[in-house]
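Everything below concerns the one structure shown next.
The values are calculated or read from the model by the stated rules, or taken from the named source; none is laboratory data. This structure is a prediction, so every number in the text was calculated from the model and none was measured. Cβ placement follows ideal geometry from the backbone for every residue including glycine, while neighbour counts extend to all protein chains displayed.
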Amino acid sequence: MESKEAHLQEQQERFGEGDSYVIHDVLPTELAAEAYELVRTTVQWDQMLHKGGSVPRLIAVQGEQNVATLVKDVQTEQSQILYAPLYRHPADEQLACHAYSAIVARIAAVLNADPRLTAGGRTRLNHVLVQHYRDGRDLITEHADKTLDVFPGSVVVNLSLGATRHLTLRTKDKRAVTARGITQEQRLAQRVELPHNSVFVLGLETNRCWVHGIRPARVQCGESDGGRISLTFRAIHTYETTDGRFLFGGGADSTAPAVDAGSVILPNGAKYSLQPVIRNDEEAADRLYKAFSTENKSSKLTAPEIYRSGFNVI
Ligand SMILES: O=C(O)CCC(=O)C(=O)O
Ligand SMILES: [Fe+2]
């Protein structure tokens, strides 16, 4: 049994740096049949603004909400505080993170039960960016996913529902390619087919060295003009209290001056000090934007080198 599975895994086509691949027929048949319509009709869609314009697709953000124990250092009294994962990426304003809706929670439960998607159970897909490509014209431009808030060692899990589209992968740097005895420096490109009910697993090494995007459908080449919904699940290790006042965790600035906001103890026992969220600080927002832009371009720098001590700006 085990060797058959290992054999199948070996045969699987690998993309990017070899840590990325497609898994087909991920959701059980019944769930796969109703998921597209249920997500489309029940999710609260938003328009996302980037550089003053609407991006060409609809977006919704959801995450697992949990209750932590709030501990004030000077008091013995404890209270409870609600928090949710925080995933920061370039947008004029971060969209509100809603609790997992019923259909998204059902999908997340299936994905979280698969050890390939959770680093063998060590990480948890606690956040999703849901995107509706309404027809073949909607797209996402090439980018690297922003890993400031992503759990190191996790994978990005991108579930496709509806019409088949293709994801384009392209190396950030030129690489030496030899064809017919001639060596040239060029950016490599790969095309990944994303049919209904497939998951594209994006490994973080591929994300460091390659950008990815979804181009408009090539209808004349047989691609469908129909709607597609992608659910990009991530394991996030930065959190925001749902009152919007504090953040904590992996992507928060660990060197910020201590405040007496107290600490939180999560259900798993982990303890973090609360950092006040910084808003409307152009200088801080600009530094974060520059770091995002570096992640789009650099294959040399790792996330800790790009984001250093973290950020408290949203
Ligand atoms: O829709 C897709 O499959 C890609 C989504 C994506 O790349 C992202 O949300 O970062
Ligand atoms: Fe992406």
Which numbered condition His196 misses (of (1) closer than 25 Å to Asn112 by Cα; (2) without any contact (Cβ under 8 Å) to a residue 12 or more places away in the chain): (2)
Per-region count, the stretch 214-269, residues of a type in the set (Phe, Trp, Tyr) and more than 17 Å from the chain's Cα centre (by Cα): 2
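Please work out if Val211 is of a type in the set (Val, Ile, Thr) and more than 16 Å from ligand 1 (Cβ to nearest atom).
Against the criterion (of a type in the set (Val, Ile, Thr) and more than 16 Å from ligand 1 (Cβ to nearest atom)), Val211 does not qualify.
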Of residues in the stretch 41-55 being under 20 Å from Pro216 (Cα atoms) and crowded, with 17+ Cβ neighbours inside 10 Å, the one modelled with the highest pLDDT: Val55
Filter pass, Glu64 being out of contact with any Leu (no Cβ under 7 Å at 6 or more places or on another chain) and within 15 Å of ligand 1 (Cβ to nearest atom): no
Cross-chain or 6+ apart pairs with Cβ under 7 Å, the stretch 221-249 first and closer than 16 Å to Leu148 by Cβ and within 12 Å of ligand 1 (Cβ to nearest atom), then in a strand (DSSP E or B) and among the acidic types (Asp, Glu): none
Within the stretch 152-188, tally of residues that are away from ligand 2 (no atom under 16 Å from the Cβ) and either over 23 Å from Arg208 (Cβ atoms) or of a type in the set (A, V, I, L, M, F, W, C) (or both): 14
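If you check Arg208, Arg245, which single one turns out to be touching a Pro at 6+ places or on another chain (Cβ under 7 Å) and of a type in the set (D, E, K, R)?
Arg245
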Residue satisfying all of: in the stretch 209-268; within 16 Å of ligand 2 (Cβ to nearest atom) and polar (S, T, N, Q); surrounded by the most Cβ atoms within 10 Å (Cβ to Cβ) among these: Ser230
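Inside the stretch 118-150, can you point out the residues that are away from ligand 2 (no atom under 16 Å from the Cβ) and under 13 Å from the mean Cα position of the chain (by Cα)?
Residues satisfying the conditions are Arg124, Asn126.
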Every pair of residues 6+ apart whose Cβ atoms lie under 9 Å, when the first sits in the stretch 135-161 and is near ligand 1 (Cβ under 10 Å from one of its atoms) while the second is part of a loop (DSSP other than H, G, I, E, B) and aromatic (Phe, Trp, Tyr): Lys146/Tyr87
Some residue of the stretch 114-135 being at pLDDT 95 or above, surrounded by fewer than 16 Cβ atoms within 10 Å (Cβ to Cβ), at negative phi and not charged (D, E, K, R): yes
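Conditions tested, residue by residue: (1) without any contact (Cβ under 8 Å) to a residue 40 or more places away in the chain; (2) over 16 Å from the mean Cα position of the chain (by Cα).
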position: Asp46; (1), (2): no, yes
position: Gly53; (1), (2): yes, yes
position: Thr69; (1), (2): no, yes
position: Gln78; (1), (2): yes, yes
position: Leu86; (1), (2): no, no
position: Ala91; (1), (2): no, no
Given (1) assigned to a loop (DSSP other than H, G, I, E, B); (2) without any contact (Cβ under 8 Å) to a residue 40 or more places away in the chain, number of the condition Tyr272 does not satisfy: (1)
